[in-house]
Amino acid sequence: MQRRDFLNALAAGAGLMIPLGRGAWAATAAGTAATQRKLIVIMLRGAVDGMNVVAPVGDANYTRLRPGIALAQPGQEDGALRLDSYFGLHPALAPLLPLWEQKKLAFIHASGSPDATRSHFDAQDYMESATPGVKSTADGWMNRLVSGLPGTPTPTRALSIGPVMPRILSGKAAAVNLANGAAGTKATVLDRPAVGKAFDKLYANDPRFGRAYQQGKDAHQEVMSAAMDGGMLANEMQMADNGAPLPNGFPDDAARLANLMRNDPNIQLAFVALGGWDTHASQGAGRGQLANRLAPLGQGLAVLAQRLGPMFDDTTIVVMSEFGRTARENGNGGTDHGHGNVMWVLGGGVAGGKVLGDWRGLAEDQLHEGRDLPVTTDFRSVLATIAERHLRLSDKQLDVVFPTLPSSRPLPLLRT
């Protein structure tokens with residue numbers, strides 16, 4: 001094994017992903033003020049059915065297109081939770097209703113990527129690189145965002161929870177990756193004093209790898225410290241998750257993430273991916289497969305908001321998925337790959353209690369290719385609004401993070 005490969009393996013085993021070679025930089029302390037405003041992105045891999053997350057129950061075409069899986073009207077058994085006179089929230093997301101009523105939760109309907117691909121893998125790649133239709137982009141938009149934020153970056157400024165470092169955080173800037181569940185903050189072999197000292201001696205003065213090794217070790221210790229303080233179709237559906245776990249354990253991961261962010265002010269950006277949303281069959285309505293996925297997601301988001309405490313006022317949480325699903329249910333009681341979807345935005349600075357976006361209804365002539373919700377709001381416009389107004393990026397910095405950002409009117413999404 002080459003020395004460089006060994007150090008890469010060592011970093012991966014410690015739950016870290018750090019740049020090696022020319023892209024590496026030393027870790028220095030960042031002031032709390034520079035990282036006060038936080039961003040958390042939750043990616044639902046597999047294409048969640050946004051039309052049953054925020055259901056247009058006021059449109060007669062909704063039940064016509066979905067006779068078996070449409071949510072019942074508000075007030076009925078397992079019916080949608082009333083958001084306004086037209087839209088209703090899936091009943092499994094009841095834990096989020098207080099945030100809606102406090103105007104700290106908003107939805108942007110008929111949003112997504114302008115690229116028309118129905119491939120999970122391509123669509124996820126485009127949303128994580130923020131360059132739809134371009135496969136050659138080398139880094140993820142959250143990694144580019146790290147370099148554009150004020151203050152001096154630290155190894156723990158960007159954090160991911162999942163089995164591997166995601167595309168969205170790949171690039172030159174350092175990021176930390178933790179495993180799902182309690183294992184993510186358990187001690188590793190490097191935490192054994194004898195082993196740690198041996199590696200310190202081996203790499204401390206190495207002119208090529210010494211800085212990267214120390215950076216990785218510092219990041220791991222910082223996270224550990226914060227944790228201590230605080231069939232074919234079935235196979236295809238599993239592949240669509242791209243390694244992301246089901247949301248069942250998300251409430252625990254959300255509590256752990258909130259604890260880490262409260263105890264380590266250097267953590268400013270976080271990413272979590274959840275799978276299980278490719279509902280081609282037996283999707284269900286108010287109950288069933290989709291409901292079983294949404295329930296822990298809603299509970300986890302509510303836990304995250306609660307456990308962040310006062311920090312929630314300075315945090316924006318975005319929930320997105322690679323594309324939506326067909327407006328019409330299929331013959332298996334599910335939905336197939338679609339186009340437009342719904343994005344969720346939560347936070348203390350969100351101008352919530354609204355379903356935003358250019359919603360055009362479900363009439364046949366308003367559907368994309370006669371089958372899907374159209375994309376009338378580019379997902380990059382939502383993210384750029386948050387990056388500009390919440391994270392205070394300049395126009396020049398926005399051009400770097402979102403290099404192909406289309407011109408659009410600002411979304412009335414944030415109060416500050």
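Worth a mention:
- Taking amide H as placed 1.01 Å from N in the peptide plane, T316 has its amide H under 5 Å from the amide H of K38, L39, I40, each at least 5 places away in sequence or on another chain.
- With a simple spin-label model that places each label point 7 Å from the Cα along the Cα-to-Cβ direction, the separation between T152 and S136 comes to 3.7 nm.
- Amide H to amide H, with H built 1.01 Å from N, L356 comes under 5 Å of F107, I108, H109, counting only residues 5 or more places away or on other chains.
- For region 322-416: rounded, prolate or oblate by the Cα gyration tensor [a/c cutoff 1.5]: prolate
- Summing charges over neighbours of Q76, with a neighbour being any other residue whose Cβ is under 14 Å away from its Cβ, gives 0 when K and R count +1 and D and E count -1.
- Theoretical FRET efficiency, 1/(1+(r/R0)^6), r = Cβ-Cβ of E77 and E364, R0 22 Å, to 0.05: 0.15
- Checked against a 21 Å cut-off, the cross-linked pairs K104/K396; K38/K104; K103/K396 give Cα-Cα distances beyond that limit for K104/K396; K103/K396.
- The listed peptides 285-294, 81-90, 45-54, ordered by packing as a protection proxy, come out as 45-54, 285-294, 81-90 (highest mean of other Cβ atoms within 10 Å first).
- Efficiency of FRET from Cβ geometry, A33 and T404, R₀ 25 Å, rounded to 0.05: 0.20
- In sequence order, region 92-99 has phi-based couplings of 5, 9, 3, x, 8, 4, x, 5 Hz under the Karplus curve 6.51 cos²θ - 1.76 cosθ + 1.60, θ = phi - 60°, and Gly or Pro positions carry x.
- Scalar couplings 3J(HN,Hα) for region 110-116, obtained by applying the Karplus form with A = 6.51, B = -1.76, C = 1.60 to θ = phi - 60°, are 6, 10, x, 8, x, 5, 8 Hz; x denotes Gly and Pro.
- Arranged from fewest to most other beta-carbon atoms within 10 Å of their beta carbon, I40, I108 become I40, I108.
- Pair R118, N332: separation of 7 Å Cα→Cβ label points (nm): 1.3 nm
- Here r is the Cβ-Cβ distance between S394 and Q102 and R0 is 35 Å; the resulting FRET efficiency, rounded to 0.05, is 0.70.
- Region 258-399 shape via C-alpha gyration tensor axes, a/c threshold 1.5: oblate
Only the coordinates and a few stated rules stand behind these numbers; no lab work does. Here the structure is a predicted model, which is why all the values come from computation and not from measurement. As a convention, Cβ positions derive from the backbone with ideal geometry for all residues, glycine included, and neighbour counts pool all protein chains shown.
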